[in-house]
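First up is the structure itself, then whatever we jot down about it.
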Amino acid sequence: MSSSDITTGQWKEVIGVLEDVLPYYEKFNAMNTLGQLGRWRGMAARLATEEDTVLEIGPGSGGFASSLRCGELYCLDPSTRILEYTKKRLDGEHKHFVGGIAENLPFNNDKFDIVYCIFSFRDFMSKETGLRETMRVLKKGGKLCIVDVSIPEDGLLKSLVNVHIYRIAPRLSSLAFPTDRRRMWIEKQYPEFLHTLETFGKASQYPELMVDLGYSEVDMKLLFGRSAFILTGVK
Ligand SMILES: C[S@@+](CC[C@H](N)C(=O)[O-])C[C@H]1O[C@@H](n2cnc3c(N)ncnc32)[C@H](O)[C@@H]1O
C-alpha cells in the first residue's frame, strides 16, 4: 500500500459523508474553492467533443457531468445513492449510470475517448490501480483528465492554504448547510471529508506515476496558488 492510499474503512467513511451531504455539495464546494469550481471544471469540460465517448469516475451530485457536451456519457460510482441522485439530474439519451469502483472498472478495454476524475482521484483507495484501470479502458490516443485540490508542498502558499482548509473553509462552507446541520459539518463531516486530501501527498508524484505507467504527453497545470491542479495524459 502506498502512503497516498487509504484503507477500506477510511474510504467507506468518506463515501458516507459524500452521500449525506449531496444536496449541499455544489454550494459548499464552490465556497471551499473560493468560487473557482466552475472555472476548473470548465477547463476540463472543454477537452471533450460532441463525438466523444466519455467516462466520469465519481460524478457526485452531477455538477460536472451536467456541464459536459459529448457523445455517450458513462457515470461510474460505488454509491447507489449518489448514482440515483446524479441520474435524476442528468437522465436522458446517451447517459449511462454504472455501479463500480475506479480500481476495477466494469468496462472492456479501449472503450473511451476521455476519462474524467473531477475531485474523485484523491478518494481512490489505490491511486496506482485506478490509473492502470483508466489506461486500460481508454482508446489508443484517448485522454485521462484529473482535476483535484492539493496542499502546496512548501513556502508561504502552503501556510496560506493550511489556514484556509483548517480555519476558514470549515466555517465558510458550513453556510451551505441548514443551521441545524452546521455544527455536525464543522466538527465531524468536514474533518472526515478532508481526510483524503491529507493523505493525498505531493501532487507532483502523480505525473511521474502516470509516466511510469505508460501515459504520454503528461501535463500538470497548477491552479490558484498551487492549491489545485489539472493533470492530463494520453494513452
Ligand atoms: C467529491 S465527489 C466529486 C463530484 C464531482 N465529480 C464534481 O465535479 O464535483 C467524489 C466522487 O468520487 C466517488 N468515488 C470515491 N471513491 C471512488 C472510487 N474508488 N471509485 C470510483 N468513484 C469513487 C464518490 O462516490 C463521489 O461521487
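Pick from K139, K111, K143, K127: which is within 17 Å of the chain's Cα centre (by Cα), touching a residue at least 40 places away in the same chain (Cβ under 8 Å) and away from the ligand (no atom under 12 Å from the Cβ)? Spell out the reasoning first.
Details: K139 fails: within 17 Å of the chain's Cα centre (by Cα); K111 fails: within 17 Å of the chain's Cα centre (by Cα); K127 fails: away from the ligand (no atom under 12 Å from the Cβ).
Going through K139, K111, K143, K127 in turn, the sole match is K143.
Take I151 and tell me if it is touching a Cys at 6+ places or on another chain (Cβ under 9 Å) and β-branched (V, I, T).
On the way: touching a Cys at 6+ places or on another chain (Cβ under 9 Å): no; β-branched (V, I, T): yes.
Taking the combined requirement at face value, the residue does not satisfy it.
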Practice task
Go through (1) open to solvent by less than 10 Å² (accessible area, probe 1.4 Å); (2) away from the ligand (no atom under 11 Å from the Cβ) one by one and return the number of the condition E51 breaks.
Solution key: (1)
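In the list R171, R167, R132, R122, which residue meets the criterion of being of a type outside the set (S, T, Y) and closer than 16 Å to G233 by Cβ? Explain how you work it out, then say what you get.
On the way: R171 fails: closer than 16 Å to G233 by Cβ; R167 fails: closer than 16 Å to G233 by Cβ; R122 fails: closer than 16 Å to G233 by Cβ.
Result of the check over R171, R167, R132, R122: R132.
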Fill in the blank from the handout: Scanning region 177-207 residue by residue, those closer than 23 Å to F121 by Cβ and not in a helix (DSSP H, G or I) turn out to be G201, K202, A203, S204
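In region 87-116, which residues are small (G, A, S) and open to solvent by less than 30 Å² (accessible area, probe 1.4 Å)?
The first filter runs over region 87-116 and keeps only residues small (G, A, S), leaving 92, 99-100, 102.
Within region 87-116, G100, A102 qualify.
One residue is enough: does region 155-165 have a residue meeting the conditions charged (D, E, K, R), under 16 Å from F229 (Cβ atoms) and in contact with a Pro (Cβ under 7 Å, 6 or more places away or on another chain)?
Our first condition is that a residue be charged (D, E, K, R); within region 155-165, this holds for 158.
From what is left, the residues that are under 16 Å from F229 (Cβ atoms) are 158.
If we keep only those that are in contact with a Pro (Cβ under 7 Å, 6 or more places away or on another chain) too, we end up with 158.
The answer is yes, given that some residue of region 155-165 is charged (D, E, K, R), under 16 Å from F229 (Cβ atoms) and in contact with a Pro (Cβ under 7 Å, 6 or more places away or on another chain).
Which of the following residues is open to solvent by 10 Å² or more (accessible area, probe 1.4 Å) and either in contact with a strand residue (DSSP E or B) (Cβ under 7 Å, 6 or more places away or on another chain) or more than 13 Å from the ligand (Cβ to nearest atom) (or both): E72, E56, E19, E13? Explain how you work it out, then say what you get.
Numbers: E56 fails: open to solvent by 10 Å² or more (accessible area, probe 1.4 Å); E19 fails: either in contact with a strand residue (DSSP E or B) (Cβ under 7 Å, 6 or more places away or on another chain) or more than 13 Å from the ligand (Cβ to nearest atom) (or both); E13 fails: either in contact with a strand residue (DSSP E or B) (Cβ under 7 Å, 6 or more places away or on another chain) or more than 13 Å from the ligand (Cβ to nearest atom) (or both).
Answer to the selection: E72.
Check whether at least one residue in region 71-79 is on the phi < 0 side of the Ramachandran plot and of a type in the set (D, E), and report yes or no. Give the steps one after another, and end with the answer.
Step one: list which residues in region 71-79 are on the phi < 0 side of the Ramachandran plot, which gives 71-79.
Filter once more, so that each one left must be of a type in the set (D, E): 72, 77.
Taking every residue of region 71-79 in turn, at least one turns out to be on the phi < 0 side of the Ramachandran plot and of a type in the set (D, E).
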Exercise for the section: Looking only at region 147-176, count how many residues are in a helix (DSSP H, G or I) and under 29 Å from D20 (Cβ atoms). Expected result: 14
Handout entry: Members of region 151-181 found to be closer than 18 Å to Y25 by Cα, touching a residue at least 60 places away in the same chain (Cβ under 8 Å) and open to solvent by 70 Å² or more (accessible area, probe 1.4 Å), listed by number
Key = L175
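Is it the case that some residue within region 82-94 is farther than 27 Å from A30 by Cβ, out of contact with any strand residue (DSSP E or B) (no Cβ under 7 Å at 6 or more places or on another chain) and without any contact (Cβ under 8 Å) to a residue 60 or more places away in the chain?
Here is the first cut: in region 82-94, the ones farther than 27 Å from A30 by Cβ are 93-94.
Then keep just the ones that are out of contact with any strand residue (DSSP E or B) (no Cβ under 7 Å at 6 or more places or on another chain); that gives 93.
From what's left, without any contact (Cβ under 8 Å) to a residue 60 or more places away in the chain: 93.
Yes, region 82-94 has at least one match.
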Fill in the blank from the handout: Given the conditions (1) surrounded by 14 or more Cβ atoms within 10 Å (Cβ to Cβ); (2) in a helix (DSSP H, G or I); (3) not aromatic (F, W, Y), every one holds for L144 apart from (2)
Practice task
Would you check if there is a residue in region 149-156 being at pLDDT 95 or above and either away from the ligand (no atom under 12 Å from the Cβ) or in contact with a helix residue (DSSP H, G or I) (Cβ under 7 Å, 6 or more places away or on another chain) (or both)?
Solution key: no
Handout entry: Subset of region 117-139 [open to solvent by 30 Å² or more (accessible area, probe 1.4 Å) and in a strand (DSSP E or B)]
Key = K139
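The values are calculated or read from the model by the stated rules, or taken from the named source; none is laboratory data. These figures come from a predicted structure and were not determined experimentally. Quick reminder, even Gly has a Cβ in these numbers, built from the backbone with ideal geometry, and neighbours come from all protein chains shown. Accessible surface is based on the protein model in full, side chains and every heavy atom, while ligands, DNA and RNA are left aside. Shrake-Rupley method; radii C 1.70, N 1.55, O 1.52, S 1.80 Å.
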